[in-house]
1. Kindly indicate whether any position in the stretch 281-298 is closer than 27 Å to residue 25 by Cα, small (Gly, Ala, Ser) and in contact (Cβ under 8 Å) with a residue 60 or more places away in the chain.
2. Between 267, 278, 307, which is within 28 Å of residue 194 (Cα to Cα), assigned by TED's automatic domain parsing to the domain that holds residue 235, in contact with a helix residue (DSSP H, G or I) (Cβ under 6 Å, 6 or more places away or on another chain) and basic (Lys, Arg)?
3. Give the residues of the stretch 59-89 that are in contact (Cβ under 8 Å) with a residue 40 or more places away in the chain and among the basic types (Lys, Arg), sorted by residue number.
4. Looking at (1) farther than 30 Å from residue 16 by Cβ; (2) small (Gly, Ala, Ser); (3) surrounded by fewer than 16 Cβ atoms within 10 Å (Cβ to Cβ), which is the one condition that is false for residue 184?
5. Consider residue 110 carefully, then state whether it is modelled with pLDDT of 95 or more, touching a Pro at 6+ places or on another chain (Cβ under 9 Å) and either of a type outside the set (Phe, Trp, Tyr) or not in a helix (DSSP H, G or I) (or both).
6. Can you run down the residue pairs with Cβ atoms below 6 Å, 6 or more apart or on separate chains, where the first is in the stretch 91-116 and more than 15 Å from residue 228 (Cβ to Cβ) and the partner is open to solvent by 40 Å² or more (accessible area, probe 1.4 Å) and of a type in the set (Gly, Ala, Ser)?
7. Mind listing whichever residues of the stretch 258-275 are among the basic types (Lys, Arg) and crowded, with 24+ Cβ neighbours inside 10 Å?
8. With the requirement that a residue be in contact with a Gly (Cβ under 9 Å, 6 or more places away or on another chain) and open to solvent by less than 70 Å² (accessible area, probe 1.4 Å), what does the stretch 19-35 give you?
Amino acid sequence: MRPFAYERAATAEEALARCDEETRYLGGGTNLVDLMRLGVERPARLVDVTRLPHDRIEERSSGALRIGAAVRNSDLTAHPAVRRHHPMLVQAVLSGASGQIRNQATVGGNLLQRTRCSYFQDITKPCNKREPGTGCPAIDGEHHNLAILGHSESCVATHPSDMAVALAALDATVLTRGRGGERAIPLADFYRLPGSHPERDTTLEPGELVTAVEVPPLAMPSRYRKVRERASFAFALVSIAAAADVRDGVVRDCRIALGGVAHRPWRARRAEDHLRGRPLTRENLAGAADQELAAAHPLRDNAYKLRLARNLIVRTLLELGERA
């Protein structure tokens, strides 16, 4: 591990003033420190932002929630308002890691965690995400758990966060603070597809600090389901965050986001548009899934994700309809 300096910021202004190209913000460190040990991340300085006043969850009069970036994942899942209004967010976070890691990890860090693609984490291998221009060996190599949607010739990595998938379905907004002031970034615009610049995971500007996440109210039943290779501490092969308003057997509204299939949480808007106003039947759900997955380009060894995603959409929405 490269030697580094450690500093603790008392205010957001102080954190921003100390940040440069060789500095990283430190929250829980559950991903960043691992990447430093592997030699993937080599910051000259860490600025600890866990003591900033971003560790609260506030319930608005509208029913929206403001979740501070420094809120620990365990505290998020235990908060009464989160459990009452957003069960799929609780389910997503609980499925994401062990209790020990949830006790340490923060909301902001969870959103900013980086891919677990084995080529990205192995500094002896080329990787466009780690070293732009060196190539993507995953395309012809080991890619059974990588992207089927939105990938490019430069990168086929997937985003690892379960929380982010639920927040995508919830139409959440990421609040940030940078040298140019404060921004509110819809989660749909927060993450990037790889294109020719896979080294950039998000639309954050250099040094920009995530301060909170705003989650609007959701007046329909919701569910998060994750398919993985083992029961604990495994990243999604495919996951789904879904919510549905079903009345008299007809889908009035729905939200669907998929994880494990793309470089960012994948909001399934084609499937949503197909379902609205239609009876909630297995046939209509399968048709909605097929509409969404028509844009997929599976690789040699991950076409199984098409069937898996299709089945997840059908099963999860049917269960939500039964609850309604």
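The values are calculated or read from the model by the stated rules, or taken from the named source; none is laboratory data. Keep in mind that what you see is a predicted model, and the values were worked out from it rather than measured. Here Cβ is always computed from backbone atoms with ideal geometry, including for glycine, and neighbour counts include all displayed protein chains. SASA here: full protein model, heavy atoms, side chains in, ligands and nucleic acids out. Shrake-Rupley method; radii C 1.70, N 1.55, O 1.52, S 1.80 Å.
1. No, there is no match, as no residue in the stretch 281-298 is closer than 27 Å to residue 25 by Cα, small (Gly, Ala, Ser) and in contact (Cβ under 8 Å) with a residue 60 or more places away in the chain.
2. So the residue among 267, 278, 307 that is within 28 Å of residue 194 (Cα to Cα), assigned by TED's automatic domain parsing to the domain that holds residue 235, in contact with a helix residue (DSSP H, G or I) (Cβ under 6 Å, 6 or more places away or on another chain) and basic (Lys, Arg) is 267.
3. Listed by number, the residues that qualify are 66, 72.
4. (1)
5. Working: modelled with pLDDT of 95 or more: yes; touching a Pro at 6+ places or on another chain (Cβ under 9 Å): no; either of a type outside the set (Phe, Trp, Tyr) or not in a helix (DSSP H, G or I) (or both): yes.
No: the conditions fail for residue 110.
6. From residues that are more than 15 Å from residue 228 (Cβ to Cβ), there are no pairs.
7. Across the stretch 258-275, the qualifying residue is only 264.
8. Keep residues of the stretch 19-35 that are in contact with a Gly (Cβ under 9 Å, 6 or more places away or on another chain), which gives 19-21, 23, 25-32.
Across the stretch 19-35, the qualifying residues are 19, 23, 25, 26, 27, 28, 29, 30, 31, 32.
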